[in-house]
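Here, each number is a calculation from the coordinates, and none is a lab measurement. Note that the coordinates shown come from a computational prediction; the quantities given were computed from them, not determined experimentally. Quick reminder, even Gly has a Cβ in these numbers, built from the backbone with ideal geometry, and neighbours come from all protein chains shown.
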Ligand SMILES: [Zn+2]
Ligand SMILES: [Zn+2]
């Protein structure tokens with residue numbers, strides 16, 4: 001019988017569930033761990049209720065599986081298309097995990113390095129977070145855009161680290177991971193923090209505080225005592241059952257779940273046993289800017305002639321010295337809008353999700369080098385720019401859901417120095433979503449006044 005290999009080798013599997021390719025240890029070491037049942041091995045694709053089921057991502061849609069001649073098993077084998085961005089899960093493969101958990105010996109105390117003060121709303125939320133962590137319960141923080149939700153977490157996080165808990169903060173966007181990591185490192189300078197996103201090089205999954213995109217969560221397994229899901233309503237999380245599955249798989253059995261959202265959908269709000277705290281006021285105490293609807297006729301036809309509706313042009317010309325986001329319904333329309341703006345000598349840049357210059361463009365906008373940015377819904381969240389005005393062209397388009405429109409309006413008036421600004425919905429026919437978004441904002445303002 002071979003000697004069991006050193007425990008250090010196991011570290012890469014702590015709180016993880018990985019494919020063979022994702023584990024670096026040699027086959028001999030893996031074999032002896034399997035024999036000792038220190039590492040567990042399970043089929044990666046199984047049949048459940050007569051349906052294929054991907055154990056990594058929870059996919060069970062028949063159309064999201066495919067077959068291919070497999071180089072590994074030399075047969076025609078099935079793989080999961082749904083989580084393929086993390087490497088192929090095939091029917092001839094297994095997932096590996098370990099029951100052994102890293103010892104949470106490092107109880108961090110006095111870890112919070114933050115001298116700011118919380119608004120009354122933030123204080124209420126902060127206390128609820130601490131309580132949820134103590135009681136290992138589930139909490140939804142429904143906080144308006146600009147309420148300052150990151151600060152609401154500070155005291156709860158401190159409490160969790162003091163107890164030696166492992167914490168995951170999951171967020172749909174890589175941008176947000178990159179923005180939050182340095183910010184939280186400043187606030188918790190003695191707590192090791194690792195960030196996981198596509199292309200990141202974080203290696204140690206036993207780090208007590210992990211900030212990850214929701215996709216990366218698919219590789220974690222029974223790892224966390226506290227899970228915070230940021231922007232729980234945001235694409236892709238709300239449309240993607242597999243990411244909910246990922247969060248469920250990543251938690252330890254009694255984990256605290258904290259959901260953050262400005263626009264939670266009904267199914268979430270009605271989750272049994274989920275306590276909700278509503279923060280209807282921004283941290284600076286000013287109301288949310290209410291959108292104005294402006295009919296602009298058949299704007300698509302205008303774009304085909306490389307021009308824009310007159311009221312849109314007038315509005316843009318009036319704000320040539322102010323930062324402005326102009327939201328468009330699709331990437332395809334950005335080129336047409338850009339051509340029209342050129343024709344009217346309005347300097348601008350465009351940006352969309354897969355734009356290779358996306359980060360430099362947003363950075364130039366932040367610095368004030370660009371004043372007008374024409375964007376898809378990619379910038380609807382997570383971006384804070386002072387003195388911003390926003391307009392939506394074609395607010396009636398189906399991509400502009402109630403939640404997207406509330407988020408877009410929520411970009412405006414975020415700084416204490418300039419808490420107001422314009423939110424214009426240019427449209428060719430009002431939609432239910434537009435009306436719902438406006439009602440939502442007005443309702444939050446009423447509640448904020450109470
Ligand atoms: Zn195969
Ligand atoms: Zn899958």
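Relative contact order of the chain, please, whole-number percent, based on alpha carbon pairs below 8 angstrom and at least 6 residues apart. After rounding, I find 14 percent.
Between residue 275 and residue 420, the simple spin-label model (points 7 angstrom out along Cα→Cβ) gives 3.9 nm.
Report the antiparallel proportion of the DSSP beta bridges in the chain as a percent, rounded to a multiple of 5. If you can, show how the numbers build up before the last one.
Values: 18 of 65 bridges.
Counting DSSP beta bridges with both partners in the chain, the antiparallel share is about 30 percent.
Axis of helix 331-343 versus longest Cα principal axis of the chain: the two differ by about 30°, to the nearest ten degrees. Here is how the number arises for the chain: DSSP H runs of 4 or more residues each give -39500 (n - 2.57), the sum is divided by the residue count, and the result at 222 nm is -9000 deg cm²/dmol. Using a Gaussian network model of the chain in which every pair of alpha carbons under 10 angstrom is joined by a spring, one finds that among 195, 126, 338 the greatest mean-square fluctuation is at 338. Taken along its three principal axes, the alpha carbon spread of the chain comes to 82, 55, 41 Å, from the longest extent down to the shortest. Between residue 127 and residue 294, the simple label model (points 7 Å from Cα in the Cβ direction) yields a spacing of 4.4 nm. Here the label points at residue 135 and residue 317, each 7 Å from Cα along the C-beta direction, are separated by 5.9 nm in the simple model.
Subtracting the Cα-Cα distance of residue 84 and residue 40 from 0.36 nm times their residue separation leaves 13.6 nm of extension gain.
The separation of the stretch 346-417 from the stretch 430-450, counted between C-alpha centres, amounts to 21 Å. Using the average count of surrounding beta-carbon atoms within 10 Å as a protection proxy, the listed peptides 265-274, 405-414 rank, highest first, as 405-414, 265-274. As a rough guide to protection, the peptides 59-69, 309-319 ranked by mean Cβ packing within 10 Å, highest first, stand as 309-319, 59-69. Among 31, 449, 422, sorting on how many other beta-carbon atoms sit within 10 Å of each Cβ, with the fewest leading, yields 449, 31, 422.
Please compute the Kirkwood hydrodynamic radius of the stretch 7-98 from all pairs of different C-alpha atoms, in Å with one decimal.
Values: mean 1/r = 0.0716 Å⁻¹.
One decimal place: 14.0 Å for the Kirkwood radius.
Can you tell me the FRET efficiency between residue 384 and residue 20 if r is taken as the Cβ-Cβ distance and R0 is 35 Å, rounded to the nearest 0.05? If you can, show how the numbers build up before the last one.
Numbers: r = 43 Å, r/R0 = 1.22.
E(calc), rounded to 0.05, equals 0.25.
Each principal axis of the Cα atoms in the stretch 292-449 has its own extent, and those three values, largest first, are 45, 35, 30 angstrom.
From the C-alpha gyration tensor of the stretch 127-282, pull out the three semi-axes of the equivalent ellipsoid (sqrt of 5λ each), sorted largest to smallest, in whole Å.
Details: eigenvalues 87, 63, 52 Å².
After diagonalising the Cα gyration tensor, the semi-axes are 21, 18, 16 Å.
Taking Cα pairs under 8 Å and at least six residues apart, what relative contact order does the stretch 1-146 come out at, in percent? Relative contact order comes out at 24 percent.
Rounded to the nearest 10 degrees, the inclination of helix 241-250 to the longest alpha-carbon principal axis of the chain is 50 degrees. Sort the stretch 154-200 into rounded, prolate or oblate with this rule: let a ≥ b ≥ c be the square roots of the eigenvalues of the Cα gyration tensor; rounded if a/c is under 1.5, and if a/c is not under 1.5, prolate when a/b is larger than b/c, oblate otherwise. It comes out prolate by the Cα gyration axes.
What do you get for the angle between helix 358-367 and the principal long axis of the chain? Use alpha-carbon atoms, 0 to 90 degrees, nearest ten. Around 50 degrees separate the two axes.
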